[in-house]
Amino acid sequence: MKVIRSVAAMQRESAAWVRSGDAVGLVPTMGALHEGHLTLIRRAKKECGRVVVTIYVNPTQFGPKEDLARYPRPRREDLALCRKAGVEVVFAPENLYLPNHSTWVEETALSQGREGASRPGHFRGVATVVLKLFNLTRPTRAYFGQKDAQQVEVIRRMVRNLDVPVRLVIVPTVRDADGLALSSRNRYLSPEERTVAVKFASLLQEAALRPADSARWLRGQLKRVAGLNLDYVELTGDRLCAAVFVGKTRLIDNEGLRR
Ligand code: AMP
């Protein structure tokens with residue numbers, strides 16, 4: 001497995017891959033890899049001759065009061081997991097922005113509301129870094145998790161609007177046995193907080209079975225859970241999306257309505 005840290009080396013590698021004609025699968029991550037990420041990687045391995053995993057905690061998608069500095073960075077474990085999964089290349093740059101960076105990708109419709117409202121500038125950072133990663137790795141297919149539902153909507157729109165030659169593959173949310181959606185941020189949770197987070201996941205699942213009043217019902221239930229602060233519950237199309245704070249940890253989840 002090759003670990004690439006510079007932009008120039010990544011560009012050389014992806015140019016060679018394009019010349020070889022092999023299908024390239026890209027799995028963009030911020031590291032602290034878990035079974036959710038590994039599911040994306042396994043799917044990419046199945047569908048593409050070569051797989052590149054990117055590990056980059058993208059500063060431009062974090063707000064000033066968010067957890068950029070304390071975001072977990074277990075680099076050795078991450079690389080070991082990628083090696084075990086049969087990844088060809090890990091692209092783990094120190095920094096992807098020049099000091100004079102002044103060009104941004106902004107999706108202006110689907111990025112409004114939900115995460116966009118709670119985290120101003122978040123999707124501008126996401127869209128910009130994802131397009132940079134597409135340009136650097138030149139994937140045939142790129143793999144994203146349904147866990148980040150609005151991110152999927154925004155990237156899908158960006159790819160269509162900007163004619164990016166990549167096929168998006170969306171992978172269903174991977175959950176722990178207790179129902180909690182896997183997330184790198186789960187490792188912030190104390191055992192007591194984890195119990196509250198599991199309650200959040202189970203109420204969301206239950207709400208998805210109540211298509212007539214899912215959002216109203218879930219809002220009412222979540223407000224009654226001790227130790228949980230509701231950020232939003234929103235029904236978007238047929239998908240119920242929610243964000244909560246458990247202690248200082250912000251968790252998001254979503255589920256399709258079961259009609
Ligand atoms: P992150 O490292 O949190 O930026 O996530 C990298 C990719 O993994 C994104 O496309 C996420 O949507 C996806 N992902 C994260 N958690 C899960 C999960 N529990 N199930 C499926 N995909 C996930």
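Here the spin labels are modelled as points 7 Å beyond Cα on the Cα-Cβ line, and at residue 84 and residue 162 they lie 3.5 nm apart.
Ligands, DNA and RNA are left out, and with a 1.4 angstrom probe the accessible area of the chain is 49 Å² per residue. In the range 44-136, the convex hull through the Cα atoms has an average projected area of 7.7 nm², a quarter of its surface area.
Ignoring aspartates and glutamates fewer than eight residues from residue 248 along the same chain, the ones with Cα atoms less than 19 angstrom from its Cα are 66, 67, 115, 192, 193, 231.
For the range 29-116, averaging the sequence separation of C-alpha pairs within contact (under 8 Å, six or more residues apart) and dividing by the residue count gives a relative contact order of 36 percent.
Residue-wise HN-Hα couplings along the range 35-50, as the Karplus relation 6.51 cos²θ - 1.76 cosθ + 1.60 with θ = phi - 60° gives them from phi, are 4, x, 4, 5, 5, 4, 5, 4, 4, 5, 4, 5, 9, 10, x, 10 Hz; Gly and Pro carry x. In the chain, excluding the sites themselves, the longest stretch lacking any of the GluC sites (Glu not before Pro) that are in a DSSP loop with at most 16 other Cβ atoms within 10 Å is 107-259. Applying the Karplus relation 6.51 cos²θ - 1.76 cosθ + 1.60 with θ = phi - 60° to the range 142-159 yields 3J(HN,Hα) values of 10, 10, 10, x, 5, 3, 9, 4, 6, 4, 4, 4, 5, 5, 4, 5, 4, 4 Hz, where x marks Gly and Pro.
Considering only 227, 211, 196, the residue lying farthest towards the positive end of the dipole of the range 189-252 is 227, judged by Cα position with unit charges set on Cβ. Distance between the modelled labels on residue 245 and residue 35, one decimal in nanometres: 3.0 nm (7 Å Cα→Cβ projection). Dividing the mean sequence gap of close Cα pairs (under 8 Å, 6+ apart) by how many residues the range 184-254 holds gives a relative contact order of 29 percent.
Between the range 226-258 and the range 109-150, the alpha-carbon centres lie 19 Å apart. Compute the distance from the alpha-carbon center of the range 59-91 to that of the range 14-39, in whole Å. Taking the Cα centre of the range 14-39 as reference, the centre of the range 59-91 is 14 Å away. About its Cα centre, the dipole of the range 184-254 is roughly 180 debye, where the only charges are +1 on Lys and Arg Cβ and -1 on Asp and Glu Cβ.
When a/c reaches 1.5 or more, the comparison of a/b and b/c decides; with that in mind, is the chain rounded, prolate or oblate per its Cα gyration tensor? It comes out prolate by the Cα gyration axes. Helix 214-223 and the longest principal axis of the Cα set of the chain meet at an angle near 80°. Within the chain, antiparallel bridges make up roughly 45 percent of the DSSP beta bridges whose residues both belong there. Straight-line cross-link partners of residue 2 among the lysines, defined as a Cα under 19 Å from its Cα and at least 8 positions apart when in the same chain: 45, 84.
Between residue 206 and residue 175, the distance separating the two model label sites (each 7 Å from Cα on the Cα→Cβ line) works out to 1.3 nm.
Close amide H contacts of residue 4 (hydrogens built in the peptide plane, cut-off under 5 Å, sequence separation of 5 or more or a different chain): 90, 91, 92.
Remark: the chain carries a charge dipole of roughly 360 debye about the Cα centre, counting +1 on each Lys and Arg Cβ and -1 on each Asp and Glu Cβ.
Under a model in which nothing but the beta-carbon of Lys, Arg (+1) and Asp, Glu (-1) is charged, the range 116-259 shows a dipole of about 320 debye around its Cα centre.
Here the contact order of the chain, divided by its residue count and restricted to Cα pairs under 8 Å and six or more residues apart, works out to 18 percent.
The values are calculated or read from the model by the stated rules, or taken from the named source; none is laboratory data. Treat the numbers as computed from the prediction; the structure is a model and nothing was measured. Backbone-built Cβ (ideal geometry, glycine too); neighbour counts: all protein chains shown. Just so you know, the surface numbers come from the protein's heavy atoms only, side chains and all, with ligands and any DNA or RNA stripped out. Shrake-Rupley method; radii C 1.70, N 1.55, O 1.52, S 1.80 Å.
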